[in-house]
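The values are calculated or read from the model by the stated rules, or taken from the named source; none is laboratory data. Note that the coordinates shown come from a computational prediction; the quantities given were computed from them, not determined experimentally. Heads up, the Cβs are rebuilt from the backbone with ideal geometry, glycines too, and the neighbour counts pull from every protein chain shown. Keep in mind that these areas ignore ligands, DNA and RNA; they rest on the heavy atoms of the full protein, side chains included. Shrake-Rupley method; radii C 1.70, N 1.55, O 1.52, S 1.80 Å.
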Amino acid sequence: MVLSFFTDFFTYETTKSVVVKSWSVGIINRIVQLLIIVYFIGWVFLHEKAYQNIDTGIESAVMTKVKGFGLYNNQVMDVADYVVPTQGASVFCIITKLIVSENQTQSFCAEVRILTGKCVEGPRGEKRCEIRGWCPAEDDTINTVSPMKEAENFTIFIKNSIRFPMFNVTRGNFPSNIDEKYIKTCKYDPVHNPSCPIFRVGDILKYTNESFNTIGGEIGINVGWVCDLDQSEEECKPSYSFTRLDDVFQDNKVSKGYNFRFAKYFRSPDGTEYRTLHKAFAIRFDILVSGKAGKFNAVPTVINVVAAFTSVGLGTVLCDLILLNFLKGAEQYKAKKFEEVTTVHTSESNQLSQMSQESPRPRKAKLEEKHSEDSGAFSIGQLP
Ligand SMILES: *[C@@H]1O[C@H](CO)[C@@H](O)[C@H](O)[C@H]1NC(C)=O
């Protein structure tokens with residue numbers, strides 16, 4: 001028993017091939033194989049670079065600096081006035097419109113928020129309810145304030161350094177040996193100046209198809225790093241793209257645009273605290289860094305080469321389908337491909353089948369034969 005198990009186990013089985021000399025199937029076979037090879041070489045290996053290890057876990061640091069002067073309500077506005085927060089982070093706002101409510105103190109006046117139940121006269125003589133809070137109350141119903149036009153000419157300087165931890169490669173969005181004069185004067189332009197890290201606000205709005213007069217929302221500046229580290233590291237450069245991030249709310253009637261309030265607090269000599277409240281309408285900029293780097297590695301290469309060779313064999317599935325179903329003489333091909341074993345060629349069963357054609361014995365033997373020769377291939381022969 002054990003011996004026969006071992007001799008059965010240590011055997012080698014190989015498939016028997018049927019060669020079909022047919023032009024039509026032959027051409028289809030070669031075309032399918034060619035398409036599979038072209039797909040693997042052209043798309044998988046050359047385009048998708050399946051021979052590389054890919055690092056998508058990019059690490060990044062962003063610093064920003066806005067420059068420019070504006071004129072608003074007869075006041076010159078500099079960076080400290082219109083950029084919030086001032087730290088130069090990757091998310092910041094440039095204020096383009098302001099509603100200022102000066103000299104507010106804690107007292108009673110006309111408004112609609114925290115009601116006291118009394119009726120008083122509003123700033124234009126109308127009847128209003130009295131509130132308790134910071135007075136005089138902000139009147140943000142004036143919608144006629146125009147944006148600070150000069151903001152179009154403000155520039156945003158982006159300093160971005162990244163690292164691909166898998167390959168330990170660090171890069172900056174502009175070379176460290178860059179010309180000082182160049183960096184002071186250049187403006188980003190996707191065609192003529194794609195590596196300049198200084199962006200004009202008006203240009204950014206133009207790239208996102210936004211008009212300066214209606215803008216109030218969030219703009220994403222995407223810094224994309226797609227690096228092929230099989231080439232020189234110097235070739236690992238970012239590309240910039242611009243999107244309006246809050247596009248879905250653009251036609252929303254409830255929450256349009258972007259605004260926030262902040263106040264500056266003072267104390268008069270007699271000890272009363274008062275404040276200047278600002279309602280600011282701003283463009284928010286968000287610098288998003290993404291990227292991936294690839295470098296040749298033997299493991300993905302071997303896996304994909306094996307996958308390519310295996311897939312070339314897929315052509316036979318299609319050709320079999322055509323050969324066995326749609327071609328002239330499909331029955332003969334079928335008969336050749338699926339050989340039926342109709343009698344068992346042992347002397348004993350020969351005798352038996354001769355002796356008793358009608359007896360169930362040969363049929364049983366035949367079934368056994370079919371069963372034992374089965375080595376993964378299948379047979380679609382019919383019982384007589
Ligand atoms: C922006 O700068 C250009 C060129 O310096 C100037 O002609 C234009 O008037 C400026 N725009 C605004 C709104 O100040």
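Using DSSP loop states and a limit of at most 14 other Cβ atoms within 10 Å to flag GluC sites (Glu not before Pro), what is the longest stretch of the chain containing no flagged site?
Free of exposed loop sites, the longest segment is 127-338.
For the chain, list the DSSP H helices whose alpha carbon atoms reach 18 Å or more along the long axis and whose average Kyte-Doolittle value is -0.5 or above? Show your work: numbers first, answer last.
Numbers: long enough: 23-38 (22 Å, 1.82); 298-312 (21 Å, 1.76).
The answer, listed by residue number, is 23-38, 298-312.
According to the square roots a ≥ b ≥ c of the eigenvalues of the Cα gyration tensor, what is the shape class of region 138-186, taking rounded for a/c under 1.5, prolate for a/b larger than b/c otherwise, and oblate for the remainder?
oblate
What distance in nm separates the simple spin-label points at F6 and R124, each placed 7 Å from Cα in the Cβ direction?
Taking the simple label geometry, F6 and R124 are separated by 10.6 nm.
Given a 1.4 Å probe, how much area per residue of region 220-327 is accessible, in Å²?
With the other protein chains kept in place, region 220-327 gives 60 Å² per residue.
Within straight cross-link reach of K336, meaning Cα distance under 17 Å, which lysines are found once same-chain residues fewer than 8 apart are removed?
In chain and number order, the partners are K16, K21, K328, K370.
Need one number: the % of Cα-Cα pairs in region 82-124 sitting beyond the 15 Å mark.
The share of Cα pairs beyond 15 Å in region 82-124 comes to 65 percent.
Only sites in a loop by DSSP and with at most 16 other Cβ atoms within 10 Å count here; which chymotrypsin sites (Phe, Trp or Tyr not before Pro) in region 1-56 make the cut?
F10, Y12
How much length is gained if the chain between K328 and S24 is pulled fully straight, taking 0.36 nm per residue apart and subtracting their Cα-Cα distance, in nm to one decimal?
Once the chain is fully extended between K328 and S24, it gains 108.4 nm.
In the chain, if the dipole is taken from +1 on Lys/Arg beta carbons and -1 on Asp/Glu beta carbons about the Cα centre, which of I114, F10, T301 is farthest to the positive end?
It is I114.
Just check region 43-191 against the gyration tensor rule for me: Cα atoms, a ≥ b ≥ c as the square roots of the eigenvalues, rounded for a/c under 1.5, and otherwise prolate or oblate depending on whether a/b exceeds b/c.
Details: a/c = 3.58, a/b = 2.37, b/c = 1.51.
Judged from the Cα gyration tensor, region 43-191 comes out prolate (a/c at least 1.5, a/b above b/c).
Expressed as a whole percent, how much of the Cα-Cα distance distribution for region 196-331 exceeds 19 Å?
Within region 196-331, distances greater than 19 Å cover 74 percent of Cα pairs.
Could you name the lysines whose alpha carbon sits less than 24 Å from that of K295, not counting residues in the same chain fewer than 8 places away?
Excluding near neighbours in sequence, the set is K49, K237.
How big is the C-alpha Rg of the chain next to the rule-of-thumb value 2.2 N^0.38 Å, as a ratio?
This ratio for the chain stands at 1.87.
Give me the percent of the accessible area of region 157-292 that comes from carbon and sulfur atoms, probe 1.4 Å, all protein chains in place.
49
With label points built 7 Å along Cα→Cβ from the Cα atoms of A89 and K159, find their separation and express it in nm.
About 1.8 nm separates the two model spin labels.
Taking the Cβ-Cβ separation of T342 and L321 as r and a Förster radius of 35 Å, what is the calculated FRET efficiency to the nearest 0.05?
0.85
Find the relative contact order for the chain and round it to a whole percent, using C-alpha pairs within less than 8 Å whose residues are 6+ positions apart.
Rounded, it is 19 percent for the chain.
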